Amino acid sequence: MTAGMLELPSVFAPVVMLREGGDALARAVALAPEQGAGTLAWVRAYGRAEAAVVLEPEMPLAPARLAFLAACNAAADALAALGPPEVPIQLRWPGTLLVNLGACGEVRLAIPPGAAEDAVPDWLVVGMELRLAFPVGHEPGLDPGNTCLAEEGFTDISSAALTEAWARHLMAGLDEWQARGPRRVAERYLARLADEAGTAGRRGIDPGTGDLVLERDGGRTIRSLREALA
């Protein structure tokens, strides 16, 4: 394991590179108590891009969980910036990345063990993983619900490039959250959310919990972000 040679703003430090088979989220969680905010772990691999960043929120866990949505936005924005402009990038609740309607990756969140909803956590870790290519021997069309970036026109894209793009978009999203409040994070997430997008009614995000709120036919349904990530 050595320091990763990524071109990132100085706010991301230390940067830890893992080789094929590594778990970026687990490594970032292990480093979080000592290294603190800005620690970034990433996996240098051919078939996948995987990275995780340590955050130190200044609010209780319940509203701080919106950092997960910011990480989802960042992953979608990174794909949109690096891929063909005609390929649709969407999200499936809570953090599955859809490329041209096929599942291509996910965003994850880790919290300190025993963290209380109404207390400020010592740290949070947000992580993303995206499938660059299927394993050798994979038959196209064998699993129509899943896809990889190589099959969707993302040519010559590397795990390093995706990690850099995700980290930069994450930093921009967190800055926007701090400057403009949680509403913008929620709006940008909902704009890409495929769930219930074609049905009548209203969709919203509870800024105090990150929960998905669906209102239709005079009824109200709440999808708990806490439970979805458990």
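Charges were assigned to the Cβ only: +1 to each Lys and Arg, -1 to each Asp and Glu. The resulting dipole of the chain about its Cα centre is roughly 280 debye. Model label sites at Leu142 and Glu58, defined 7 Å from Cα along the beta-carbon direction, differ in position by 5.0 nm. Couplings 3J(HN,Hα) of region 96-106, computed from phi: 8, 8, 10, 10, 6, 6, x, 5, 10, x, 7 Hz, in residue order, whole Hz [Karplus 6.51 cos²θ - 1.76 cosθ + 1.60, θ = phi - 60°; x for Gly and Pro].
Ranked from highest to lowest mean number of other Cβ atoms within 10 Å per residue, what is the order of the peptides 65-75, 121-131? Mind showing how you got there, number by number?
Numbers: 65-75: 26.0, 121-131: 23.3.
Order by mean packing, descending: 65-75, 121-131.
Quick check: at a probe of 1.4 Å, how many percent of the accessible area of the chain sits on carbon and sulfur atoms? Here carbon and sulfur together make up 50 percent of the probe-accessible area. Per residue, the chain reaches -9500 deg cm²/dmol at 222 nm when only DSSP H runs of four or more residues are counted, each adding -39500 (n - 2.57).
The residues of the chain expose, per residue, 49 Å² of accessible area to a 1.4 Å probe. Each Cα pair under 8 Å and six or more residues apart adds its separation to the average, and for the chain the resulting relative contact order is 21 percent. Placing a pseudo-label 7 Å from each Cα along the Cα-to-Cβ vector at Ala115 and Ile222 gives an inter-label distance of 2.0 nm. For the chain, hydrophobic long helices are taken as DSSP H runs at least 18 Å long by C-alpha position along their axis with mean Kyte-Doolittle hydropathy of 1.0 or more; these are 66-82. Taking a ≥ b ≥ c as the square roots of the eigenvalues of the Cα gyration tensor, region 104-219 is oblate, since a/c reaches 1.5 or more and a/b is not larger than b/c.
Sorting 86-95, 5-14, 173-182 by average packing, meaning the other beta carbons within 10 Å per residue, from highest down gives 86-95, 173-182, 5-14.
Annotation: the antiparallel percentage among DSSP beta bridges lying fully within region 1-148 is about 85. Cα centroids of region 12-45 and region 186-230: 31 Å apart.
Relative to 2.2 N^0.38 Å, what does the C-alpha radius of gyration of region 1-74 come to as a ratio? Two decimals please.
Working: Rg = 12.7 Å, N = 74, 2.2 N^0.38 = 11.3 Å.
Rg over 2.2 N^0.38 Å, computed on Cα atoms: 1.12.
Between Ala230 and Arg184, the FRET efficiency estimated from the beta carbon spacing at R0 = 22 angstrom works out to 0.25. Name the shape class, rounded, prolate or oblate, that the alpha-carbon gyration tensor gives for region 61-140, where a ≥ b ≥ c are the square roots of its eigenvalues, rounded holds for a/c under 1.5, and otherwise prolate holds if a/b is larger than b/c and oblate otherwise. Prolate, because a/c is 1.5 or more and a/b exceeds b/c. The alpha carbons of region 39-102 give a radius of gyration and a Dmax of 13.7, 39 Å, in that order.
The values are calculated or read from the model by the stated rules, or taken from the named source; none is laboratory data. All of these numbers come straight from a predicted model, not from anything done at the bench. Cβ sites come from the backbone with ideal geometry, for glycine too, and all protein chains shown count toward neighbours. Just so you know, the surface numbers come from the protein's heavy atoms only, side chains and all, with ligands and any DNA or RNA stripped out. Shrake-Rupley method; radii C 1.70, N 1.55, O 1.52, S 1.80 Å.
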